[in-house]
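FYI, it's all coordinate maths here, none of it is from the lab. Model, not experiment: these values are computed from the prediction. Every residue, glycine as well, gets a Cβ built from its backbone with ideal geometry; the counts of neighbours run over all protein chains shown.
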Amino acid sequence: MISRNEIPITQFRGFEDKPVKANIVFRRDQIDIEMRLKKMDETRVDVQVLSLTTPMVYWAPPEFGLELSQVFNDACSAIHLKHPDRFLAMAMAPMQAPELAVREIERASRLPGIRGLYLATHSVSGTSSGVFASYSVPISGKTGTAEKVVPLPGYPSDHLEDQSWWCGWGPSDAARLVVCALIENGGHGSSAAAPAALRVFERYFGVKAPPTVVVDTD
């Protein structure tokens, strides 16, 4: 049963001739901008950054993934232009097709309101995909590497060391746990903080991950 505050995905243009086997619905307040603004005001949120939910566009054939990315990015930019003080956005790109992804990233970077690129931890192009891609619980997050001056004997006074961090949540579509891991002087986020965060998820969900492939990507 679908409530009046939910919209079946099959009601959206472009899906009418492609039946969806799963009972997939969007909450109306996720896609109705006026409802979202009202909720933002009620919860005293000044600005929201829009991004596409899982499974993003990575499931689609390359050309269709590009088309979906363009539609999403253009829509986000239009929302920003209508409400410039309330909404920004992270662009989507078809990472399953690198050449098309580059084309869309270059185009989207010139759109008003676009402030970055949104990547999935479960995408082969995600910076922590080597850690989370094979984990049975879908995890969303972002790696990071920050530099900090760390005085060390024998090094210049302005010597920099990489500070490794990773922040995210799981499951992706119904968060039960948020984890932020920071490893001082730990190197890249993908090789130090992300594996540490995975151990927290494993303990919380009681699900062990298969062997991971740690790669410096930041």
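Quick notes
- Whole-number Å³ per residue for the convex hull built on Cα positions in the range 112-206: 125
- Qualifying trypsin sites (Lys or Arg not before Pro) in the range 55-161, where qualification requires a DSSP coil assignment and no more than 12 other C-beta atoms within 10 Å, comprise 110.
- Estimated inter-spin distance, residue 169 and residue 184, nm [label 7 Å along Cα→Cβ]: 2.9
- Cα-only Debye scattering, the range 32-118: base-10 log of I(q)/I(0) at q = 0.24 Å⁻¹: -1.10
- Ranking 201, 143, 81 by Cα position along the charge dipole of the range 62-218, where only Lys, Arg, Asp and Glu carry charges on their C-beta atoms, puts 201 farthest toward the positive end.
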